[in-house]
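Every read-out reported here was derived from the displayed coordinates using simple, explicitly stated rules and does not represent laboratory data. Bear in mind the structure is a predicted one, so any value in this text is a computation, not a measurement. Using ideal geometry, Cβ is built from the backbone for each residue, glycine included, and neighbour counts are taken over all protein chains shown.
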Amino acid sequence: MQVQGFRKAWYSACVRCGLSKLEPKIDRTGEIVYAPPRGPRSKPKAKMIYRGMIFHDLRRKGARSLLQAGIPEKVCLAIGGWKTRSVFDRYSIVSPKDVVEAGRKLEISHNQLAANFGNNSGTERTKVQQADSPVQ
């Protein structure tokens, strides 16, 4: 089978793999929109809309995976072929899962620091202050 256009080939492959689907186009009134007939005896065919993964989703996933792996941003820019930082920022979208993970890591780090240093307020208590203090 010869590939006529990348987008059509991508859509077909994604539909076959179950990553997306083609749905009939619906107008404002809720009716199905039909494509113009191809010939005098052709049956009406609904216009179809592609819903699912697009090729740039892979590029976005690649950018996020590189960053999560700890690759420096300049290297990510070079690998992905982004010429400017502003374009790269469109692809490196932060997911809610990333935010939760960052909070979890921060809590672990804070707990480790508190366990190692005990009083992490930035002030040290002398032995006399500790002996006079009712709370120990």
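Details
- For the range 56-118, diffusion coefficient by Stokes-Einstein and Kirkwood Rh (Cα), 25 °C, 0.890 mPa s, µm²/s: 185
- For the set Lys21/Lys105; Lys47/Lys97; Lys61/Lys105; Lys25/Lys61, the pairs lying more than 31 angstrom apart at their alpha carbons are Lys21/Lys105; Lys47/Lys97.
- Near Lys25, the amide H atoms lying under 5 Å from its own belong to Val33, Lys47, Met48, Ile49; only residues 5 or more places off or on other chains count, and H is placed 1.01 Å from N.
- Each residue in Thr84, Thr29 was given a count of other beta-carbon atoms within 10 angstrom of its own, and listing them fewest first yields Thr29, Thr84.
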